[in-house]
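Comments concern the structure below.
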Amino acid sequence: MSARLGGSHDLDEAIKRHGKLLDKLLDIGRDDLVMLITQTEIQVYQRRHGQIACKNIGSRKLVTVRFESRLEDGR
């Protein structure tokens, strides 16, 4: 799940809290659940705000490095 649209960390925390309950209620893997939630978030966003454009969800503060850059430069 895109960190900009949703939070996979939040999903992981919810699964930790309710994991046994979810295992009993849902026969779905984590990746499929992430996809379902992400698609739902996209539909909600489109319904509320219209068409999604990259400028609405993309980062404007990009971190770029050159091939010869040190690993530490990219952090």
The one condition in (1) touching a helix residue (DSSP H, G or I) at 6+ places or on another chain (Cβ under 6 Å); (2) part of a helix (DSSP H, G or I) that V65 fails to fulfil: (2)
Candidate set from the range 44-73 (those that are of a type outside the set (S, T, Y), surrounded by 10 or more Cβ atoms within 10 Å (Cβ to Cβ) and without any contact (Cβ under 8 Å) to a residue 40 or more places away in the chain); member that is farthest from E13 (Cα to Cα): V65
If you take the residues of the range 1-27 that are outside any helix (DSSP H, G or I) and surrounded by 13 or more Cβ atoms within 10 Å (Cβ to Cβ), which of them is modelled with the lowest pLDDT? M1
If you take the residues in the range 28-43 that are among the polar types (S, T, N, Q) and without any contact (Cβ under 8 Å) to a residue 12 or more places away in the chain, which one is least open to solvent (accessible area, probe 1.4 Å)? T40
Quick check: anything in the range 38-51 at pLDDT below 80 and over 19 Å from the mean Cα position of the chain (by Cα)? no
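The values are calculated or read from the model by the stated rules, or taken from the named source; none is laboratory data. Everything quoted here is computed from the prediction, not taken from an experiment. Positions of Cβ are backbone-derived with ideal geometry, glycine not excepted, and every protein chain shown enters the neighbour counts. Keep in mind that these areas ignore ligands, DNA and RNA; they rest on the heavy atoms of the full protein, side chains included. Shrake-Rupley method; radii C 1.70, N 1.55, O 1.52, S 1.80 Å.
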